[in-house]
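A quick write-up on the structure given underneath.
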Amino acid sequence: MIGTYVNVAAVVAGSLVGVILRHGLPERFKEILLQAVGLAVLFIGTSTALGGLLSGESEPLLFIISLALGGVVGELIGIDRRMNQLGDGLQKRLGEHHGRVSEAFVTASLIYCVGSMAILGSIKSGLEGDHSILYAKSILDGITSIILASSLGIGVIFSAVPVLLYQGGITLLSSFLEPWIGEAVVREISNIGGILIFAIGINLMNIREIKTANFLPALLIPPLYFLIAG
């Protein structure tokens, strides 16, 4: 769990630094920072998804089915609505002057949790005691937290809780999950994660509102597919 604890600490520290910087930034600089993050997230999501899909080893049909089924399940459960309600509750407690808490919480949580580094790093941390992937992820998440918090506000800091629960859960269950998480499974999950990151970028750029959190169940379809397919 050490790797996850470091990751959580990096998110919290980066968020606090970002909030401090936020108070000294004019609104126009906050806006340009948000656009910069949006563009970077769009590029990362596109390159991640296309890198896997164009490798010749992925299964495009599985990618489409996973997004479709996952989106329907997420809509039925109302994942996006529930996450936003949680963010709105935090907003009421903190006040409007702390920025867009709900958007910051949901955006940061998705960015930090949907990538393959979170899965692979947590498994290696649990099985081998090798925290190197999570340490590298911690640096990336810490820097991202500074930028996100400086533009969106304190809500980013609360994403440390999903990171702790998600990565910590995978680490603790790593011996059980390891036989299920082969190279093909990680590749397909990474493809879906890439498109979800791309959707986050669309939201940040105000191009169109996508209920990205509702697609989270899509990440579970590839492991189930390969389990059934043997």
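Among the residues of region 13-40, write down those that are under 15 Å from the mean Cα position of the chain (by Cα) and modelled with pLDDT of 80 or more. Correct list: Gly38, Ala40.
The single residue among Asp130, Asp80 that is touching a Lys or Arg at 6+ places or on another chain (Cβ under 6 Å), crowded, with 17+ Cβ neighbours inside 10 Å, modelled with pLDDT of 75 or more and over 19 Å from Val12 (Cβ atoms) turns out to be Asp80. When you scan region 183-190, do you find a residue that is free of Cβ contacts under 8 Å to residues at least 60 places away in the same chain and touching a helix residue (DSSP H, G or I) at 6+ places or on another chain (Cβ under 6 Å), even just one? The answer is yes; a qualifying residue exists. Of Ile154, Ile146, all but one fail to be over 16 Å from the mean Cα position of the chain (by Cα), aliphatic (A, V, I, L, M) and closer than 26 Å to Gln35 by Cβ; the exception is Ile154. If the condition is being surrounded by fewer than 22 Cβ atoms within 10 Å (Cβ to Cβ) and not β-branched (Val, Ile, Thr), then region 133-146 contributes Tyr135, Ala136, Leu140, Gly142.
Quick one: Ile65 ticks every box in (1) in contact with a Gly (Cβ under 8 Å, 6 or more places away or on another chain); (2) at pLDDT 75 or above except a single one, so which number is it? The number of the failed condition is (1).
Apart from one condition, Glu209 fits all of (1) within 19 Å of Gly45 (Cα to Cα); (2) in a helix (DSSP H, G or I); (3) not hydroxyl-bearing (Ser, Thr, Tyr); the exception is (2). Of all the listed residues (Leu165, Leu204), the sole one being closer than 16 Å to Thr4 by Cα and either at pLDDT 85 or above or more than 13 Å from the chain's Cα centre (by Cα) (or both) is Leu165. Residues that are assigned to a loop (DSSP other than H, G, I, E, B) and charged (D, E, K, R) within region 101-158 comprise just one, Asp130.
Quick one: which of Glu31, Glu75 is surrounded by fewer than 14 Cβ atoms within 10 Å (Cβ to Cβ), touching a residue at least 24 places away in the same chain (Cβ under 8 Å) and either out of contact with any Leu (no Cβ under 7 Å at 6 or more places or on another chain) or outside any helix (DSSP H, G or I) (or both)?
On the way: Glu75 fails: surrounded by fewer than 14 Cβ atoms within 10 Å (Cβ to Cβ).
One residue alone meets the criteria, Glu31.
Looking at region 147-162, can you tell me whether even one residue there is surrounded by fewer than 21 Cβ atoms within 10 Å (Cβ to Cβ), touching a residue at least 12 places away in the same chain (Cβ under 8 Å) and either in contact with a Phe, Trp or Tyr (Cβ under 8 Å, 6 or more places away or on another chain) or among the acidic types (Asp, Glu) (or both)? Within region 147-162 (the criterion being surrounded by fewer than 21 Cβ atoms within 10 Å (Cβ to Cβ), touching a residue at least 12 places away in the same chain (Cβ under 8 Å) and either in contact with a Phe, Trp or Tyr (Cβ under 8 Å, 6 or more places away or on another chain) or among the acidic types (Asp, Glu) (or both)), the answer is yes, since at least one residue qualifies. Each residue in region 159-196 was checked for being among the small types (Gly, Ala, Ser) and not in a helix (DSSP H, G or I), and 1 pass.
The values are calculated or read from the model by the stated rules, or taken from the named source; none is laboratory data. Keep in mind it's a predicted model, so treat the numbers as computed, not measured. Don't worry about glycine lacking a Cβ; one is built from the backbone with ideal geometry, like all the others, and counts go over all protein chains shown.
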